[in-house]
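Here is the structure we will look at, set down as structure tokens.
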Amino acid sequence: MGLTAKSTGLGAVDQGLLIQKQTPADRVIALAGNPNVGKSTVFNALTHMRQHTGNWPGKTVSSAQGVHTFHQTNYILVDIPGTYSLMAHSQEEEVARDFLCFGGADAAIVVCDATCLERNLNLVLQTLEITPNVVVCVNLMDEAAKKGIRIDFESLERQLGVKVVATSARQKQGLTSLMQQVEALFGQSGPPNACQVRYLPAIEEALAMLIPVLTPYVQNRLPARWVALRLLDKDESLCAALGRFLGLDLLKEPPVAAALEQAHAHLQNAGIAQQTLRDKIIACIVLCAEGICADSVFFSNPQHQARDRKLDKWLTSRKTGIPIMLLLLLGVLWLTIAGANYPSALLWQGLYWIEGHLTNLFAFLGAPGWLHGALVLGVWRTLAWVVSVMLPPMAIFFPLFTLLEDFGYLPRVAFNLDNRFRKCGACGKQALTMTMGFGCNAAGVTGCRIIDSPRERLIAILTNNFVPCNGRFPPPT
């Protein structure tokens, strides 16, 4: 039996967001999390390759779906795009938010990185505002142990109001406990008593003006408090999605419009301008996450944090940040170009040797000259040229670039250059795509999707083409 808009009360929502159930007993579970927290590792470990991928309708963002059977119940896991926030700035964040809100998910697993739990809890708290049916998966516990990080899970569960499970997905540890807690969600008499972020008094008073008015419109389909918060924030993409979901434009409903105007006036009188409202909302979420972690996360090796702070002083300083960045990137480029000369020459000699034997074979077979010219001098020589010139540099550059990312240096590069790129009307993240362009401009242009602003993304795509990638380097002689 398929999951349809009619069966879930989704109204006019985009049908492509809905996941097809094989039986009514199947459960749809959204798998959310920040990028690089091991979310895909958890997904692959649970689905055992029983998965397929596709694109969200109208988006260039890919999705992955798989089935995990636990105690004779099928759980359809949907690996939604990694995102730091549900306040959509990019297509990935928009897709993640829309699926959690309108995609018919029965519950959500939010995967967190145990080594930086405070940052990850921002997404957890935002998800809890949409649905209380959440299990928090604290992954990478093996890495946390290496860094001397200890987490009090009882305190964390008590403060979040939902179940928290420790896992090390690479070692397949804790996954059974994770699914037990997911199963337990559906056996409860009511939803969990999830943590609710408390905002500034003026914001809470504005929400109190909106919630009673919105409740008849959203009913039990969406949390009225969360919808009120998004309307106050004037989230245009969400307002459009809400219109499709509810089948009406809330902003054009007279009671809602009047209450919203009154709430905005109240905020203005309290000194909270529309331009600063989102910053204050985010600040409250961050403070809540910090408070939870202060009581739940402990460092047995304080020197590790001190070492990180010392590195930041050097790597992001105005005096030393740029010189260190230039030296590191020049070192990577030198290793790439100098190191690629030898394998490129060997590849070219080997492929040219094969070309000679192919020429002899064509002569032995009495093939016409035009066929030899097309296949050997054309197809084979072009292939040999591309492989010998591009493959070795890429095989050296991208592993080195990945190491810089794993060590956490690339975000510092973006931080160092953000102000300078902003002066040019661009985004600091473009520094990463341009650097990636030295390895392959196609990869650099594709990487421009990490830039949130459509205008800045277009600037990055257009200017990335001026970076001299490996395909423009001369072949070895």
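Flag set for Lys146, criterion: open to solvent by 80 Å² or more (accessible area, probe 1.4 Å), out of contact with any His (no Cβ under 7 Å at 6 or more places or on another chain), of a type outside the set (Asp, Glu) and at pLDDT below 90.
Suppose we filter Leu156, Leu123 for residues that are closer than 22 Å to Ile450 by Cα, open to solvent by less than 20 Å² (accessible area, probe 1.4 Å) and either assigned to a strand (DSSP E or B) or at pLDDT 90 or above (or both); which single one remains? Result: Leu123 is the single residue among Leu156, Leu123 that is closer than 22 Å to Ile450 by Cα, open to solvent by less than 20 Å² (accessible area, probe 1.4 Å) and either assigned to a strand (DSSP E or B) or at pLDDT 90 or above (or both).
Which one of these is open to solvent by less than 80 Å² (accessible area, probe 1.4 Å) and within 27 Å of Arg420 (Cα to Cα): Gly321, Gly378, Gly369, Gly339? Just one listed residue meets the conditions, Gly321. Counting the residues of segment 171-217 that are open to solvent by 30 Å² or more (accessible area, probe 1.4 Å), without any contact (Cβ under 8 Å) to a residue 40 or more places away in the chain and in contact with a strand residue (DSSP E or B) (Cβ under 6 Å, 6 or more places away or on another chain) gives 1. Pairs meeting the criteria (first residue in segment 245-271 and assigned by TED's automatic domain parsing to the domain that holds Trp226, second residue of a type in the set (Lys, Arg), beta carbons under 8 Å, at least 6 apart or on different chains) are Phe245/Arg221; Leu246/Arg221.
Quick check on Ala228: is it more than 24 Å from the chain's Cα centre (by Cα), more than 20 Å from Met87 (Cβ to Cβ) and part of a helix (DSSP H, G or I)? For Ala228, the condition - more than 24 Å from the chain's Cα centre (by Cα), more than 20 Å from Met87 (Cβ to Cβ) and part of a helix (DSSP H, G or I) - is not met. Exactly one residue out of Leu10, Leu31, Leu46, Leu77 is more than 26 Å from Arg449 (Cα to Cα), open to solvent by less than 20 Å² (accessible area, probe 1.4 Å) and at pLDDT 85 or above, and it is Leu46. Given the criteria out of contact with any Asp or Glu (no Cβ under 7 Å at 6 or more places or on another chain), open to solvent by 80 Å² or more (accessible area, probe 1.4 Å) and of a type outside the set (Lys, Arg), does Trp348 qualify? The answer is no for Trp348. May I ask you to verify whether Thr433 is without any contact (Cβ under 8 Å) to a residue 24 or more places away in the chain, open to solvent by less than 80 Å² (accessible area, probe 1.4 Å) and among the polar types (S, T, N, Q)? So Thr433 does not fit the description; no. Across segment 85-115, the qualifying residues are those that are small (Gly, Ala, Ser) and part of a loop (DSSP other than H, G, I, E, B), and the one among them that is surrounded by the fewest Cβ atoms within 10 Å (Cβ to Cβ) is Ser85. Among the residues making up segment 245-257, those that are open to solvent by 30 Å² or more (accessible area, probe 1.4 Å) and touching a helix residue (DSSP H, G or I) at 6+ places or on another chain (Cβ under 8 Å) are Leu248, Asp249, Leu251, Glu253, Pro255, Ala257. For segment 396-477, the helices (runs of 4 or more DSSP H) that sit wholly inside it and include 1 or more residues that are at pLDDT below 80 are 410-423, 454-464. Out of the residues in segment 295-305 meeting the condition of being open to solvent by less than 70 Å² (accessible area, probe 1.4 Å) and part of a helix (DSSP H, G or I), tell me which one is modelled with the highest pLDDT. Only one residue tops the list, namely Ser296. Just one residue in the set Trp314, Trp353 is within 30 Å of Thr435 (Cα to Cα) and among the aromatic types (Phe, Trp, Tyr); that residue is Trp314.
The values are calculated or read from the model by the stated rules, or taken from the named source; none is laboratory data. If you're wondering where the values come from, they're calculated on a predicted model, not measured in any experiment. Please note: Cβ atoms are built from the backbone with ideal geometry, for glycine as well, and neighbour counts cover all protein chains shown. We work out accessible area using only protein heavy atoms, side chains counted, and drop any ligands, DNA or RNA first. Shrake-Rupley method; radii C 1.70, N 1.55, O 1.52, S 1.80 Å.
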